[in-house]
Amino acid sequence: MTILGKRHVERLLATFDIDPVAALTEALRVVLEMPGAGFDSLVDTASVDPERRALLHARDPRALDELAAELNERRTI
């Protein structure tokens with residue numbers, strides 16, 4: 001796994017309100033070192049519990065917000 005750099009976190013935060021899934025996809029691609037993967041594949045690869053995974057697959061706004069906050073604070077997943 002890779003740690004998000006300042007530039008990646010700034011981009012995540014700048015684009016999240018416009019398209020949260022695209023912003024998270026871009027950040028997860030860096031963290032999980034999967035540059036061509038789609039959001040669902042990235043979520044399946046990430047170390048998240050099954051309930052959270054299901055919420056992310058459903059594009060639940062709260063789950064998306066929590067993932068963005070986690071990536072912003074920890075810079076990894």
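Overview of values
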item: Output for the stretch 26-65, where each listed residue is assigned to a helix (DSSP H, G or I), touching a helix residue (DSSP H, G or I) at 6+ places or on another chain (Cβ under 7 Å) and farther than 15 Å from Met1 by Cα; result: Phe39, Asp40, Arg52, Arg53, Leu55, Leu56, His57, Ala63, Leu64
item: Pair list, Cβ under 9 Å, 6 or more apart: the stretch 44-58 residue within 20 Å of Met34 (Cβ to Cβ), other residue aromatic (Phe, Trp, Tyr) and crowded, with 16+ Cβ neighbours inside 10 Å; result: Leu56/Phe39; His57/Phe39
item: Members of the stretch 13-34 that are in contact with a Leu (Cβ under 9 Å, 6 or more places away or on another chain) and either closer than 16 Å to Pro61 by Cβ or free of Cβ contacts under 8 Å to residues at least 40 places away in the same chain (or both); result: Phe16, Pro20, Val21, Ala23, Leu24, Thr25, Glu26, Arg29, Val30, Met34
item: Residue match in the stretch 24-37 (condition: surrounded by fewer than 16 Cβ atoms within 10 Å (Cβ to Cβ), of a type outside the set (A, V, I, L, M, F, W, C) and in contact with a Ser or Thr (Cβ under 7 Å, 6 or more places away or on another chain)); result: yes
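No lab work stands behind these numbers, since they all come straight from the coordinates. Only a predicted model underlies this, so the values are computations on that prediction, with no experimental measurement involved. Here Cβ is always computed from backbone atoms with ideal geometry, including for glycine, and neighbour counts include all displayed protein chains.
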